[in-house]
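> The structure under discussion is supplied below as structure tokens; questions concerning it will follow.
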Amino acid sequence: VTIHYFQEGYVHYVVDAVFALSMAIQALIDEKCPKMSQEKRLCPQFYPFDGARLLVLLRNVTFRNGKQS
């Protein structure tokens, strides 16, 4: 049985975008809730959600040599 598979050429951009967003959200959580690993839930300081700060963090996510930094 032969399965013909063709991946769209833009899939890697979507993967990178989702990864970058997750890294920015994690950076925002780390800023607002530095003790989160101990609490295991978001702290009250995280709310209300700061979309402007998330955008700044998202714009600062970079990929170098296939790795995020």
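The values are calculated or read from the model by the stated rules, or taken from the named source; none is laboratory data. Please read these numbers as outputs of a predicted model, since none were measured by experiment. Keep in mind that these areas ignore ligands, DNA and RNA; they rest on the heavy atoms of the full protein, side chains included. Shrake-Rupley method; radii C 1.70, N 1.55, O 1.52, S 1.80 Å.
> Need the full-extension length gain, A17 to R53, defined as separation in residues times 0.36 nm minus the C-alpha distance. One decimal, nm.
Additional length available on full extension: 11.2 nm.
> With the contact rule set at Cα under 8 Å and sequence spacing of 6 or more, what percent relative contact order holds for segment 1-64?
Relative contact order here is 35 percent.
> Which values of log₁₀ I(q)/I(0), to two decimal places, follow from the Debye formula for the chain at q = 0.15, 0.19, 0.22 Å⁻¹ with a uniform point scatterer at every Cα?
Listed by q, the Debye log ratios stand at -0.61, -0.82, -0.97.
> How much area per residue is accessible in segment 1-44 when the probe is 1.4 Å and only protein heavy atoms are counted (Å²)?
That works out to 89 Å² per residue.
> Counting only protein heavy atoms, what percent of the accessible surface of the chain is carbon or sulfur at a 1.4 Å probe?
Roughly 60 percent of what the probe reaches on the chain is carbon or sulfur.
> Could you list which residues have their amide H under 5 Å from that of C43, counting only those 5 or more apart in sequence or on another chain, with H placed in the peptide plane?
Here nothing satisfies the definition.
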